[in-house]
Structure formats: C-alpha cells, structure tokens
Amino acid sequence: MSGFELSCPVPLPTEERILLAHGGGGRLMHELIERVFLAAFRDPALEARHDGAALEVDGVRLAFTTDSYVVRPLFFPGGTIGELAVNGTVNDLAMCGARPLYLSAGFILEEGLPLETLRRVIEAMRQAAQRAGVRLVTGDTKVVDQGHGDGIFINTAGIGLIESPLAIGPQRVAPGDAVLVSGDLGAHGVAILSVREGLEFESPILSDTAPLWEPVEALLRAGIEVHCLRDLTRGGLASALNEIAQARGLVISLEEAAIPVSEPVKGACEILGLDPLYVANEGRFVAFLPASQAERAIEILRSVPVSSGAARIGSVLEEAPGAVVLRSRVGGRRVVDMLSGEQLPRIC
C-alpha cells in the first residue's frame with residue numbers, strides 16, 4: 001500500500017479557482033452551483049434542485065437530465081465507464097418518477113486510445129441500454145490531443161416519460177416521512193478505489209452499478225405515495241440527505257444500526273479511513289414517503305432484485321432546520337455534515 005493517499009475531508013479555503021473538490025458532491029460543489037450556475041441561469045426547473053427537470057409539453061409530462069462520466073479506471077470490478085454512463089442517466093430519470101426512453105451520448109476521446117478499449121466501452125453501453133429498456137438515438141464524438149484527456153470522457157442526456165400524477169421532488173418531503181434506502185452502501189466507491197490503488201481484499205467488492213427504474217416503477221404501481229427519490233452517487237448518502245434537509249429546512253434523523261453496509265465494505269472503509277455514508281454508489285437510492293406506507297414499500301422493494309436489501313433508516317423531524325443527525329449504535333447523536341473536501345475523487 002506504499003504511495004496510497006486519501007484527501008482529508010476538512011474545510012478548504014475559499015479560492016477563486018476550481019478545485020477537484022468542486023466536483024465531489026460536497027459543500028464546495030453546491031456552493032459552485034449556487035454562486036455561479038444558478039446565479040446565471042435562474043429558472044424554476046433548476047430551482048427544484050432535483051436529479052432532472054420535470055417539464056410539461058402539450059400536456060405530456062417529461063423528465064430531462066444530463067450527466068458526464070470521467071471515472072478512472074475505465075474498467076473496474078462490476079462495471080465500466082460505459083455501464084455508468086447509461087445507468088447513471090437512466091437513474092436520474094427514475095428519481096424524477098419517469099420511465100426512461102431515450103439517451104444521447106457524447107464521447108471525448110484522447111488521441112492514442114486503443115480502438116479495442118473503445119469497442120469494449122461501447123459494447124458495455126449497448127448491453128446496459130438493452131437491460132434498461134432505453135434507446136440511444138443521437139450522439140457526438142470529439143478527439144483531444146494526447147495528454148489532454150483521460151482515455152474517454154462520456155457525456156449523456158436522457159428523456160423520460162412521467163406517467164404518475166405524483167410530483168416527486170425535495171419540495172414534497174415533510175415531517176413524519178420515513179427514510180428508506182434501497183440496499184447496502186459504499187460498494188461502488190470501494191470497488192473503484194481497490195483497482196486504482198492496487199488493493200486486494202479478502203472478499204471481492206463489486207460496483208453496484210445498475211438501472212433503478214424497476215423498483216421505482218414497482219412503488220408507483222403499488223400506489224405508494226412517494227414524496228422524493230434521490231440516487232446516492234457523488235458524496236454518498238450523507239450528501240444526498242444534506243441536500244434535501246437544507247432545501248426543505250428540516251431535520252433528517254438516522255439510525256446507524258439500521259443503515260445497511262456489507263461486512264467487506266465496512267472492513268475496507270475501516271482500513272482506508274473512509275466513512276461509508278460518504279462513499280459513492282451507482283445502484284442505490286433513498287426514498288421519502290409517509291411512515292404509514294413504509295412497511296409496504298420495503299416489502300415491494302425487497303421483491304425486486306436490485307433493491308432486495310431495502311431498509312428503513314430514519315425519519316424526517318420538525319426540529320432545528322436543515323440538518324442530518326445520526327443516532328449511533330450506543331445511543332449518542334452526532335451531526336452528519338456535508339463534506340467540504342474530496343473524500344474519493346473520480347468515481348463517476
């Protein structure tokens with residue numbers, strides 16, 4: 001493990017230049033969005049601060065999203081950058097309550113990239129799109145000079161159809177809501193790190209990358225009153241919950257003992273000094289819904305393979321505004337804040 005380094009997630013000084021942490025899903029990224037992008041492009045759809053925009057065109061409700069993928073390495077246990085590009089976009093649409101339909105893909109390729117590498121990535125994307133039931137209908141390709149890229153960068157956009165009458169988003173989260181996760185946390189980030197740093201663990205840890213529309217559709221078809229959904233990518237569970245708590249001015253209370261983390265991931269995080277609450281996932285989401293429907297919702301989620309590890313992990317409270325608090329296994333309480341630095345760079 002010689003040469004292994006992790007950034008310490010401590011507050012960083014304010015600087016008038018972009019840092020790696022501005023893309024890490026934590027406090028700096030949200031400050032960048034607020035002070036630069038939202039300040040320039042004020043729009044009600046942007047102000048919703050959701051995984052995608054819900055739009056109405058001639059009475060038809062659509063969801064529209066975009067994302068970029070810069071993961072290193074391109075191939076890792078359980079997936080490739082190709083699967084991430086499809087699944088991540090499909091999942092952002094699903095978090096809006098939308099059935100994913102169409103994708104675009106833009107490729108930025110570095111000069112010198114082996115064609116066989118590109119073919120492997122494209123084949124992974126083809127198979128992922130087939131599994132997710134979406135069509136890739138348009139795209140673009142650019143090539144940059146050697147040394148000015150990282151092999152392949154992929155940008156995607158997606159369109160989905162919102163069939164449910166529910167308005168799903170952070171604005172619907174309310175005191176008394178139950179907080180559910182769809183499965184165990186942290187596998188994707190640890191899988192990336194294991195390859196990047198040449199680490200080997202006793203039990204193999206695979207990325208959880210997967211499409212999430214099936215469990216979301218199951219909840220909606222069963223009549224579950226879903227208030228909000230959020231996939232747990234950059235910044236993990238902690239960052240996603242902080243975004244929602246701050247947007248609504250409410251407290252989200254978690255039970256540490258209820259949060260599912262596999263033993264291999266837990267052990268790896270202990271060795272590496274990582275908190276699984278902040279480690280990225282690519283096939284997990286959090287759901288907010290009425291507490292009276294939580295038991296039924298968990299039963300539905302557990303009937304779908306990708307969300308078979310679903311669990312209730314907490315509740316929404318009407319206390320001091322805009323915070324996430326965790327009750328530990330021994331009964332103490334601590335604030336789960338949003339990271340200021342970068343815990344694990346380049347995971348998607």
Query - Spin-label model distance (nm) - residue 143 vs residue 337, 7 Å beyond Cα toward Cβ - result: 4.8 nm
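Rounding to the nearest 20 debye, state how big the charge dipole of the chain is about its Cα centre with +1 on each Lys and Arg Cβ and -1 on each Asp and Glu Cβ. Walk me through the numbers on the way to the answer.
Details: 30 positive and 44 negative charges, 93 e Å.
Computed about the Cα centre, the dipole is about 440 debye.
Tell me, 230, 99 in order of fewest to most beta-carbon neighbours within 10 Å?
Working: 230 23, 99 19.
Listing 230, 99 from fewest to most nearby Cβ atoms yields 99, 230.
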Report summary line: Ordering 188-199, 117-128 by per-residue average of other C-beta atoms within 10 angstrom, highest first, gives 188-199, 117-128
Report summary line: Note on the chain: alpha-carbon gyration tensor, axes a ≥ b ≥ c; rule is a/c under 1.5 for rounded, else prolate if a/b larger than b/c, else oblate; result rounded
Report summary line: Share (percent) of C-alpha pair distances in the range 170-335 greater than 19 Å works out to 54 percent
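Calculate, in nm to one decimal, what residue 319 and residue 18 gain on full extension: separation in residues at 0.36 nm each, minus their alpha carbon distance.
Details: separation 301, 0.36 × 301 = 108.36 nm, distance 3.51 nm.
Taking residue 319 through residue 18 to full extension adds about 104.9 nm, to one decimal.
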Report task. Starting from the Cα of residue 214, step 7 Å along the direction of its Cβ; do the same at residue 126; then give the gap between the two resulting points in nm. Result -> 2.2 nm
Query raised in the report: On full extension of the chain, what length is gained from residue 201 through residue 163, given 0.36 nm per residue of separation minus the C-alpha to C-alpha distance?
Result: 9.3 nm
**Report entry** Separation of the residue 225 and residue 296 label points, Cα + 7 Å toward Cβ, nm
**Finding:** 1.1 nm
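Give the calculated FRET efficiency between residue 266 and residue 58 to the nearest 0.05, with a Förster radius of 56 Å applied to their Cβ-Cβ distance. Kindly include the intermediate steps, with their values, before the conclusion.
On the way: r = 50 Å, r/R0 = 0.90.
According to the calculation, E is roughly 0.65.
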Report task. In a Gaussian network model over the chain where Cα atoms closer than 10 Å are linked, find which of 211, 264, 165 has the largest mean-square fluctuation. Result -> 165
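Every number in this text was worked out from the coordinates using simple rules, so none of it is lab data. All values derive from a computational prediction rather than experimental measurement. Because the Cβ atoms are built from the backbone with ideal geometry, glycine has one as well, and the counts that use them run over all protein chains shown.
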